[in-house]
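First up is the structure itself, then whatever we jot down about it.
The values are calculated or read from the model by the stated rules, or taken from the named source; none is laboratory data. Just so we're clear, the structure is a prediction, and the values are computed from it rather than from any experiment. Positions of Cβ are backbone-derived with ideal geometry, glycine not excepted, and every protein chain shown enters the neighbour counts. Accessible surface is based on the protein model in full, side chains and every heavy atom, while ligands, DNA and RNA are left aside. Shrake-Rupley method; radii C 1.70, N 1.55, O 1.52, S 1.80 Å.
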Amino acid sequence: IWAGTESGGINILNRKTGRFRYLLPQKGNPNSLSRNCIKALLDDGQNNLWIGTFLGGLDVLNLGNGSFRHYTHNPADPTSLSDNKVWALLKDSNNEIWVGTTAGLDQFDRRTGSFTHYQNLSEGQVNWLAEDDDHCLWIGSEILVIYNPKDKSIVRLNESTRYMLQDSKKRFWLATNN
């Protein structure tokens, strides 16, 4: 069991022994977490764990060899991560990686290691991301945005939400803030 914590990095429980091991930032060691505060985790199905941190950007841990890659915001590079506060991660049905930050929504390009920014889709910080059965992205920010990447259509609902679930009967369930 892997648990991202508010100030203790990632705690990994060995269920057989009941013991924890810890992934923590190590000053001066680029092959470690960038920050202790973990806000999102994503297994990409390619032996990588994507780790959204608060103030440290995005870390990608290769689960095979234990190496890290770090992606951070660089104001001089428009293709860098939009912000170092990462709140949400999603791998969609096309194996695309989406990143929700304080500055908005980013899509990661695996070929180039760069990000495309979709700030016009959200209002402020992106708190959560989900994909429905029609492959539309649900983006939770100060409003709810439903984005269809195929035809680029956008639906905006003036509702502050926490998450969306589409059930087996194709009904949508929303957890709201109000």
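Structure summary
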read-out	value
Residues of segment 38-47 that turn out to be open to solvent by less than 20 Å² (accessible area, probe 1.4 Å) and either under 12 Å from S7 (Cβ atoms) or not acidic (D, E) (or both), as a count	2
Residue in segment 118-125 that is under 27 Å from N74 (Cα atoms), open to solvent by less than 10 Å² (accessible area, probe 1.4 Å) and in a strand (DSSP E or B) present	no
Residue that is least open to solvent (accessible area, probe 1.4 Å), among those in segment 8-25 that are within 19 Å of F68 (Cα to Cα), out of contact with any Ser or Thr (no Cβ under 8 Å at 6 or more places or on another chain) and assigned to a loop (DSSP other than H, G, I, E, B)	G9
Tabulated pairs, segment 1-12, first among the hydroxyl-bearing types (S, T, Y), second exposed (fewer than 14 other Cβ atoms within 10 Å of the Cβ), C-beta under 7 angstrom, 6+ apart or interchain	none
Cβ pairs under 6 Å, 6+ apart, first in segment 30-41 and among the hydroxyl-bearing types (S, T, Y), second surrounded by 19 or more Cβ atoms within 10 Å (Cβ to Cβ)	S34/T53; S34/G56; S34/D59
Qualifying residue in segment 116-124 (condition: modelled with pLDDT of 95 or more, in contact with a strand residue (DSSP E or B) (Cβ under 9 Å, 6 or more places away or on another chain) and aromatic (F, W, Y))	no
Filter result for the condition that a residue is farther than 27 Å from G9 by Cβ and either more than 15 Å from the chain's Cα centre (by Cα) or at pLDDT below 95 (or both), over S160, S67	S160
Residue match in segment 148-162 (condition: surrounded by 17 or more Cβ atoms within 10 Å (Cβ to Cβ) and of a type in the set (A, V, I, L, M))	no
Residue in segment 48-63 that is free of Cβ contacts under 8 Å to residues at least 40 places away in the same chain, of a type outside the set (S, T, N, Q), surrounded by 13 or more Cβ atoms within 10 Å (Cβ to Cβ) and closer than 17 Å to T112 by Cα present	yes
Among the candidates G28, G56, G52, G66, residue that is of a type in the set (G, A, S) and outside any loop (DSSP other than H, G, I, E, B)	G52
Residues located in segment 126-138, provided they are part of a loop (DSSP other than H, G, I, E, B) and touching a Leu at 6+ places or on another chain (Cβ under 6 Å)	V126
